[in-house]
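Student: I have a structure I would like to understand better, so I am pasting it below and will then ask my questions one at a time.
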Amino acid sequence: MEAGPETEHLSIELRRGMITLAVLIQLRSENHGYGVKQALSRLGMSLKEGTLYPMLRRLEAQGALKSRWDTRGDRLRKYYSLSEHGAVMLNAMRKQRALLVQIIEELEKSAFDELICGQTQTQTEME
């Protein structure tokens, strides 16, 4: 059975939170938007510019990022890096992600254990 549009919508929601986390992690070191896009793309997390740049502006407005303009060279580039507040946010997001992963793994383990125990009981009852 193929995943339907509902599953795709849920995947997009899950991915949205992970993208924010990935961008904050990437900006522990200063980089410009295109550099962030390229770095994440190399790791398999490709982003559209229409996703990344509004996110960078939003995170900057929230105080998670600080920025500076670089006028050297032939291009004007805005460089971003994690602010102190952003580091606190990143730490909280990492803890939350770890907790959620732990919960999901426990739920999956419980479901697997129930499946195995249920099969064992059924086999015993049949004998």
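Since every read-out is calculated from the coordinates, none of them should be taken as a lab result. Everything numeric here is computed off the predicted structure, so don't read it as measured data. Backbone-built Cβ (ideal geometry, glycine too); neighbour counts: all protein chains shown.
Student: Using amide H atoms built in the peptide plane, which far-off residues or other-chain residues are under 5 Å from L65 H to H?
Tutor: Placed amide hydrogens put E60, S83 under 5 Å from L65.
Student: Right, here's the next one. Count the net charge of all other residues whose Cβ sits under 15 Å from the Cβ of D70, scoring Lys and Arg as +1 and Asp and Glu as -1.
Tutor: Neighbour charge sum, excluding D70 itself: +4.
Student: Charges only on Cβ, +1 for Lys and Arg, -1 for Asp and Glu: so what's the dipole of the range 1-58 about the Cα centre, in debye to the nearest 20?
Tutor: 360
Student: With runs of 4+ DSSP H residues as the only contributors, calculate the mean residue ellipticity of the chain at 222 nm using -39,500 (n - 2.57) per run, divided by the residue total and rounded to the nearest 500.
Tutor: Roughly -24000 deg cm²/dmol at 222 nm, from the helical runs in the chain.
Student: Taking the chain as the reference, fit the longest principal axis to its C-alpha atoms, fit the long axis of helix 49-61 to the helix C-alpha atoms, and give the angle between the two in degrees, 0 to 90, nearest 10.
Tutor: 80
Student: With percent of Cα pairs over 24 Å apart in mind, check (i) 72; (ii) 32; (iii) 47 and report the label derived from this structure.
Tutor: So the structure-derived entry is (iii).
Student: Which lysines, if any, have their Cα less than 27 Å from the Cα of K66, not counting same-chain residues under 8 positions apart?
Tutor: Here the lysines satisfying the reach criterion relative to K66 are K37, K48, K78, K95.
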